[in-house]
Amino acid sequence: MRSVSVVVAALVLSACGGGASSGPSPPASTAPAASESAAASAAPPEADEPEPAALLNAAVPVPPDGPWRDDVEREHWAEAWKKLEGLPGSVRARPEMRFLRARVAVGLGKDAEAIAGLAGLEGLLPALARPIARLRAEAQARVGPFDQAAAYWAAQRGTRDHLLAAKCYEKAKRLDDARHALDRVVASAKGAEAAEARAVRMRVADAQGAHEAALGDARWLVHSAPGTPHDLEAQAFLRRFDPSFEFSARERVARAEKLGEAGRHDGALVELDVVEAGKGVSAGELAHLRGAALFKARRYAEAVDAIRQAIAAGAPAAGDDEYLLARALSRADRDEEALAAYRALAKKYAKTGRADDALYAVGRLSFLLGRDADADAAYAEYLKRFPKGKNKNDARYERALAQLGAGKAKDARSAFAQLAAAAGDPAEAARLRELEAVAAAEAGDAKGAERLFRDVIKSHPLSWAASVSRSRLLAMGLTPPPPIEPPAAGPEPPPLVVQLPGPVELLRRLGLLGDAEEYLARNESALRLAHAPRGLEALCHAYGLLERGQRRLQVSYEGVRGDTFNRGPSQATRWAWECLYPSPFGAIIRDVTNRDRLPAELIYAIMRQESGFRPKVVSPVGAIGLLQIMPYTGRALAKMTGTPLDEGALERPAVNVDLGSRYMANLLGIWKGHIPLMVASYNAGPHAVSRWVQRWGSHPVDVWAARIPYAETRQYVVRVMGNLARYTYLTGGEAGVLPVPLAIDGSLRAPDDAF
């Protein structure tokens, strides 16, 4: 990747700016996009027993001013520690400053110092009694006393808390208590948590002399959690009891399948490479498994060879292998061979579901190659032979785009109209109506196109479809309507004055904004009740004061009416807009926007879609944090900029946003400030976007985006660009919503070292 400084002008020109068909999963350069519902689905922390009202409403001390607060807010713990240490002793001795110093110490791994600083602090600072107890227990879980830590975590409600309690019991040599806690965790935990609990229980049972029980967990780990550190620990344990222990061929195959399910395809290949054909696994089956694993690992040329070996060896799934071979040929850029293979499959398996897939694939591959006339003919044949086939919806959508590209605008218009009428989602219907309007314009019906574009803008304001409709009207020499109707007239509500609960306010004053958000999330009911019937509004306002977005976004889904966003924000509804489109981490965002010349609205638009503002969220493929950065991407960016990247750093907002912003700036440099191309690259990777620009760069951006072969990336572009339009409207009103540039420079390419 090249380091590029993106000028403000390039961003301003493009600052504001897909589907029915499914496609292969994109290579995750950052993370698969989370849906809005997924972004909002993270539950709040399990509520503690309600704090006494007197405590929530109590006056709290006002910490002294100092430059340490900015460092605390950014979680720059080392810098904060130095500044706190430089304060006069009388200031450091204040109860709230003792708590802050302990909190910073934990951030630095100075657990013993934190525990010492927290001694007896509950009595001096009752407002933070629960945060003090939790912070002490976190530190004690690492350095002891482990009995005290175990007692604290065992009294909490979460499965993760109980697992931590068990590990503390283990360190305290209270093995019966540890075993009891682990039995409860194993009964309810799933995924990585279940594997960790089994690994701990294996150790505990072994220490108790319960070797059969320990062996049971070890066997579970090697078969159900292959490729993890717990797997290696379990293998070592099994070999301790049986030095000759080794997996059978079938067990290796089962482990490979588990690794494949977890997306660890290279690990699956490692397992398969040590399997000897003929020892419980036939040569054909082994070649079949290797071919599938190589395909999923994107090693397509090798996959072709392995799959051909499987077919030649008479693998049990020969028909599936023939189809996979055609796919591998296509992915290996051997497209003519792939088309021939698909046609042969459609003929060989003429009356089966495999023919459905193969004949559809002929049309799709022609479509992906930009051979629109061929694609139209192939889709027509498919729909004639399989009018109720499983790929019929994808074929109809892609055929409409192919007809548009092949100059059959009238046919495309009719097809898009039918697709829009059948769409169950209003947002999807609006996107298809915009494409219908594009086809109408190309068919020579300017009036019909204008009517459709205006209808999309009015019915689905500030969406991707509406944004490109406005650009289309401008290109036609017409004046588009406002991006959204003005707010309805009505009385202004009385001012809502929200006072944060005392402990939350103190945490905010100390710069511990994430801690404050978590505390408030555990004690929301009191604030809601205090401001009924405007409790939701009060809660959204409270989270805004903390400059955090995770819970603010989540609570907006609980009661904000969808039709609120059909008109611009009024005095009565602006809170709802700001709740659904929060702008958290203000200081951190200002740091990077000034450095990288990125619009803050763009960072928020991507952050909202990627993580729902959750700093510690990890995606199924391993992307981390607010901007869902893959660890290898983070390491490359850190190396490029000389930024140290320790374990867990990507969960810290300042680090994640710093690296994510650099990544966005580099992508914008590659695409010369064209934001829709950058957004697509953030999801699918710059090399995929480079291929699409090479193939379809002559199309305007709305048609180009509609042709993106990954359904996930199409929807990602639609959602992020819609987020961007709403953020820019919130900050700049109608003047802030600039037209999306329709033209794409088809000569642009991602450099070989882009990632």
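Summary of the geometry: region 230-246 and region 368-410, compared by the centres of their Cα atoms, lie 55 Å apart. In the chain, a dipole from Cβ-located charges (positive for Lys and Arg, negative for Asp and Glu) runs towards its positive end, and of S90, A516, L383 it is L383 whose Cα lies farthest in that direction.
A dipole drawn for region 630-755 from +1 and -1 charges on Cβ atoms has a positive end, and of S681, T641, L730 the residue lying farthest that way is S681. Using a Cα-Cα cut-off of under 18 Å, which lysines could be cross-linked to K167, ignoring same-chain neighbours fewer than 8 residues away? By straight Cα distance, K167 reaches K190. Stretched out straight at 0.36 nm per residue, the stretch from H687 to A532 would grow longer than its current Cα-Cα span by 50.6 nm.
The magnitude of the dipole of region 573-725, with charges of +1 and -1 set on the Cβ of Lys/Arg and Asp/Glu and taken from the Cα centre, is near 300 debye.
Computed from point charges on the beta carbon alone (+1 for Lys and Arg, -1 for Asp and Glu), the dipole magnitude for region 645-755 about its Cα centre is near 420 Debye. If the chain linking K392 and A572 were pulled fully straight, counting 0.36 nm for each residue of separation and taking away their Cα-Cα distance, it would gain 60.2 nm.
Among the listed options [x] 82, 69, 63; [y] 87, 75, 65; [z] 80, 79, 46, the one matching Cα extents along the principal axes in Å as calculated from these coordinates is [z]. Rounded to the nearest 0.05, the FRET efficiency derived from the C-beta distance between A58 and V497 at R0 = 25 Å is 0.85.
In terms of its C-alpha gyration tensor, region 62-212 has a prolate overall shape, because the principal axis ratio a/c (a ≥ b ≥ c, square roots of the eigenvalues) is not below 1.5 and a/b outweighs b/c. The alpha carbon gyration tensor of region 368-425 gives principal lengths a ≥ b ≥ c with a/c of 1.5 or higher and a/b no greater than b/c, which makes the shape oblate. Counting only protein heavy atoms and a probe of 1.4 Å, the accessible surface of region 649-696 is 39% carbon and sulfur. Listed by chain and number, the aspartates and glutamates whose C-alpha is less than 16 Å from the C-alpha of K83, apart from same-chain residues fewer than 8 away, are D65, D70, D71, E73, E75, E96. For the pair region 625-681 / region 175-227, the C-alpha centres are spaced 37 Å from each other.
When the charge dipole of the chain is built from unit charges on Cβ atoms (+1 for Lys and Arg, -1 for Asp and Glu) and taken about the Cα centre, the candidate among L232, V617, L286 whose Cα reaches farthest toward its positive end is L286. How far is the Cα center of region 258-303 from the Cα center of region 109-136, in Å? Each part reduced to its Cα centre gives a spacing of 52 Å. Excluding ligands, DNA and RNA, the accessible surface per residue across the chain is 42 Å² with a 1.4 Å probe. Take the Cα of E558, go 7 Å toward its beta carbon, and the backbone nitrogen atoms of region 506-520 under 19 Å from that spot belong to 514-520. Each label point was placed 7 Å from the Cα along the Cα-to-Cβ direction; for E276 and L124 their separation is 7.0 nm.
Fully extended, how many nm does the chain gain between T352 and E647 (0.36 nm per residue separation, minus their Cα-Cα distance)?
Working: separation 295, 0.36 × 295 = 106.20 nm, distance 5.12 nm.
Here the segment from T352 to E647 would lengthen by 101.1 nm.
Does region 155-254 classify as rounded, prolate or oblate by the C-alpha gyration tensor (a ≥ b ≥ c root eigenvalues; a/c under 1.5 gives rounded; else a/b over b/c gives prolate, otherwise oblate)?
Values: a/c = 2.74, a/b = 1.56, b/c = 1.75.
In terms of gyration-tensor shape, oblate.
Under a point spin-label approximation (7 Å from Cα along Cα-to-Cβ), what is the S248-S525 distance to one decimal in nm? According to this spin-label approximation, the distance is 5.5 nm. Could you list the residues of region 329-368 with an amide nitrogen less than 13 Å from a label point located 7 Å from the Cα of A318 in the Cα-to-C-beta direction? Answer for this model: 349. Under 19 Å from the 7 Å Cα→Cβ point of L369, by amide nitrogen: which residues of region 292-318? The answer is 300-301, 304. Our coupling estimate for region 379-396, obtained by passing each phi through the Karplus curve with A = 6.51, B = -1.76, C = 1.60 and θ = phi - 60°, is 5, 4, 5, 4, 5, 6, 7, 10, x, 10, x, 6, 9, 5, 5, 5, 5, 5 Hz, Gly and Pro reported as x. Think of each Lys and Arg Cβ as +1 and each Asp and Glu Cβ as -1; about the Cα centre, that makes the dipole of the chain roughly 900 debye.
With a threshold of 29 Å on the Cα-Cα distance, the over-threshold entries among K279/K351; K82/K173; K408/K447; K458/K672; K279/K347 are K279/K351; K82/K173; K458/K672; K279/K347.
The values are calculated or read from the model by the stated rules, or taken from the named source; none is laboratory data. Since this is a predicted model, take the numbers as computed values, not measurements. No Cβ is skipped: glycine too gets one built from the backbone with ideal geometry, and neighbour counts run over all protein chains shown. The accessibility values were calculated without ligands, DNA or RNA, using every heavy atom of the protein model including side chains. Shrake-Rupley method; radii C 1.70, N 1.55, O 1.52, S 1.80 Å.
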